[in-house]
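This report concerns only the one structure given below.
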Amino acid sequence: MRFRSFRSILDECVTAIQHGETLDACLARYPRHAARLKPLLGLAQKVRNTPPISPRPWAQATAWNTVRLRAADLRAGKRRAASIHMSIGWLKPLAVVFAFLLAVGATSGVTAFAAQDALPNETLYPVKLFTEDVRVWVTYDDSSKADILLDQSDERMDEIETLVSHGDRIPENVLAALQDRNEDALAILEDHPEETVLWARALKQSESQESVLIDLWDVVQPEARVEYTEVVADIHNARLRGTDAAVARIEAADLAGGIRTITGTVEAADGGVWTVGGYPINVDERTIGALGIAPGSTASFTVGNGSRGRYALFASLINTAAAPTDAFVVGKIEEVTKDRVRIGGQWIDLDSDILPKVPLRKGQTVQITVNKTNAGTIASQVSAFASSSLTFTYEGNIEGDPADSSEFWTIGGLTFTPSTRLDLTGGAAVDGARALVEATWSGGQLTAQSITVLNSTVPDGQAYLVGTFEGTRPGFWVVSGHEVAPRNNMEEPEPGSIVALDVTEDDGALTIKQFDVIRGPDDEPLSRFTGTAISIEGTIWNMEIGEVRVASGATEVSGRQVVGARAIVWYGPGDGVSQATYVHVLDQDPVVQPQATSADQQ
Amino acid sequence: MTNAAAWTIRLAESVEDRKTRPAAAGSIERGDQTVVIAEWEIVRRAQGFEEDALQSLYETYYPKIYSYAFLQMGDVQAAEDLASDVMLKMIESIKSYQFKGLPFGAWVFRIARNRLIDLHRRRKRRGEVDLSETLASTLASPQSMAERALERGQLQVALKHLTDEQRQVVVLKFIQGFDNRSIGRIMGRSEGAIKSLQHRALHALRRVLYQGDV
């Protein structure tokens, strides 16, 4: 007899009962499962028999009227004009707006309706903001005003999310509107400390807004950055009101140089200045979450750069017994649902709080930051991944002290401007330390999207580059926009190949010692993952992304296999387990404590 | 609701009548005669923005979407707002609907689900506190365990203790009467996943309602 799962039997019985079969007949068909089936099928019937929930007739009628009018517009071929905000409370202030517009000779009251869904980069956006202002003006009760202002502040975040998901940069107007509404709401609540529910909502909303905004530094329009720093500083200061610490303020100037995340080992603390991977960071009562962080601990700091140095907005401890926080996967989305994506054959759940910086769709190439949790692999950030010809990976030794205020890094002879993410977990960012850079070309400059200090010691003058072979110029190969000199008689790969090069470096001039082709232009697409070998059992590496098969003959490995070390893995779907095509091990020594394998535990 | 048209188009399939049929049907009242027409024909006319067809679809789906939204959110005003939004979106997008194995009702519910996800995200960001009654006040009593149906309030509160996906399956399968394939299309999951969710949802619902007496 063919085995059937209980869930299939249950489903069959649910459907059969729905079509008129009796419960007893179903149970007689599956006597072995009757004891389990009976209560569940009985409950299903009860749920089905629950009296229907009917809408209020007048609400249904009112909504039909609006639908009918909209249908008339569509019949007449008019473009979208109606608001989707059906809450009746909007009608009164809109009537006021109509009267105002008519009084000053506006062409049509439809303008206000049409503006309801306007985005900050659209013409009618000022009308939308004006309509919101009117709604506040005509509200006389302070609590209601504060509630409305918090709603409107939330609407600004919706607009920002929509812009980011469209790939647009954030303009100044929405940030100014967000700041105004937050300030006005808090000013009212300052006079009403008894409004505890509204206060709780305001603080919770500030927390959520800050966690979204601090990741958006690189998508804010340059001319909007002053406004951005003011908004983030204000929101952060609002959160500080909810703490027991003495009220202290972050100034917008403390964030003027940008916001980035620095992860590393805390080395010392002197008068509120902590050294993290060689970086001095100010940590005081303005830092949220710094309790429990002590010298020797590994922590992640969200830091604003200003003229007075780096001020930590947030700090959180990292558990280095497990994998370090950030692992990345880059690849084409093969499947996407509302709450997960599949890349390289691996499903990754999306954290419900993430703000994807690009629309998620099949075929889109994205970079995803992932964390391994008890519930599986969770994506915490999703962003677009630029064309591979403009992006490359480079490993070399740090030259000079990058912790000075200039913020330029020289690594392996090349100069980078760091963007938003520094991982100093493997060691301090000091002269001679080994570092990995993920970089892009932007306006003729190299921008480091992330810099990771490695737990390795390699002599000066030796570097490593991964990029796309674009073609040749006399005496050079061009790899991701960079010229590298091949040795005599080296057979060049096909243009479009992803190549890994061991190079010597002399004052920025790179010469190839040897190279591997990771993927040819016509080969199956590969996904790329940067993370930690949490454990290795035979040919199976357990990483944050899941299990990956690294087998001799099928996988080219650069470096020594070390449990607890980080690695970049190029992989594709395999037979039940992802198959690695190429692995570059980043650390010569582990950065996390190796987990015991099943063999160790026997 | 007044209707100036000469005849009324109604869908024959009601919320109570959930027996499976090859296609939903509608009926036209012409004088004292009733003529059955297929839902696809009503949708086709609605795509031309014929008011009678639109009204027929509205009268069928507004209550269903309202019920679905209310069971998800537990708030009358929010459910009315969502139902209105979805109806508006339905007529604005109706020209894009094509029957490719996805029933029209499932298409409408997919709009509702997407809107619900947006609202949940917004409410979560606002930190809205759930002030609804606790489960303790609505636990099934020994007598009610013998009843044929749950009370509306019992079901509503019990559903809050399920995960979002479990709640979706319970409402779409047992309240709205969709099959697994349609539910899978609405939720973006496979039919196998829907069966698993159904199993876990019933198990969780029973545990919540009867305090571990599973």
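FYI, it's all coordinate maths here, none of it is from the lab. Worth saying up front: this structure is predicted, and the values here are computed from it rather than measured. Using ideal geometry, Cβ is built from the backbone for each residue, glycine included, and neighbour counts are taken over all protein chains shown.
The H on the amide N of A:Ala551, modeled in the peptide plane, is under 5 Å from the matching H of A:Ala580, each at least 5 residues off or on a different chain. A P(r) calculated from all alpha carbon pairs of the stretch A:143-300, with 10 Å bins opening at zero, reads 10, 36, 33, 18, 3 percent.
For the stretch A:440-535, GluC sites (Glu not before Pro) meeting the loop criterion (DSSP other than H, G, I, E, B) and having at most 15 other Cβ atoms within 10 Å: A:Glu491. Kirkwood analysis of the Cα pair distances in the stretch A:1-51 returns a hydrodynamic radius of 11.2 Å.
Descending by average beta-carbon neighbour count within 10 Å, the peptides A:578-585, B:83-90, B:40-47 line up as B:83-90, A:578-585, B:40-47, the highest first. Multiplying the residue separation of A:Ala554 and A:Thr472 by 0.36 nm and removing their Cα-Cα distance gives an extension gain of 26.6 nm. Using the Cβ-Cβ distance between A:Ala256 and B:Lys95 with R0 set to 51 Å, the FRET efficiency works out to roughly 0.55. Here's the picture: a label point sits 7 Å out from the Cα of A:Glu483 along the beta-carbon direction, and within the stretch A:498-521 the residues with their amide nitrogen under 11 Å of it are A:509-510. Per residue of the stretch B:82-95, what does 6.51 cos²θ - 1.76 cosθ + 1.60 with θ = phi - 60° give for ³J(HN,Hα)? Whole Hz please, x for Gly and Pro, Karplus curve as stated. Result, rounded to whole Hz: 5, 4, 5, 4, 5, 5, 5, 5, 4, 6, 6, 9, 4, 5.
Protection proxy ranking for A:187-200, A:280-293, using the average of other Cβ atoms within 10 Å per residue and placing the highest first: A:280-293, A:187-200.
Averaged over the residues of A:177-188, the number of partner chain Cβ atoms lying within 10 Å of the residue Cβ comes to 0.
Against the empirical 2.2 N^0.38 Å (N residues), the stretch A:455-602 has a Cα radius of gyration ratio of 1.15. Under 5 Å from the amide H of A:Gly277 lie the amide H atoms of A:Thr265, A:Glu267, each residue being 5 or more positions distant or on a separate chain, with H modelled from the backbone and absent for Pro and chain starts.
Placing a pseudo-label 7 Å from each Cα along the Cα-to-Cβ vector at A:Asp431 and A:Ala294 gives an inter-label distance of 3.4 nm. The ranking of A:Lys362, B:Lys195 by Cβ neighbour count inside 10 Å, starting from the fewest, reads A:Lys362, B:Lys195. In order along the stretch B:52-59, the Karplus-derived 3J(HN,Hα) couplings, from 6.51 cos²θ - 1.76 cosθ + 1.60 at θ = phi - 60°, round to 5, 5, 4, 5, 4, 5, 4, 5 Hz, and Gly and Pro are given as x. Close amide H contacts of A:Gln588 (hydrogens built in the peptide plane, cut-off under 5 Å, sequence separation of 5 or more or a different chain): A:Asn455, A:Ser456, A:Thr457. The distance between label points at A:Arg308 and A:Trp58 comes to 5.7 nm (points 7 Å beyond Cα on the Cα→Cβ vector).
Computed 3J(HN,Hα) for the stretch A:532-544, one whole-Hz value per residue from the Karplus formula 6.51 cos²θ - 1.76 cosθ + 1.60 where θ = phi - 60°, is 10, 7, 5, 8, 10, 10, x, 8, 9, 9, 9, 10, 4, glycine and proline marked x.
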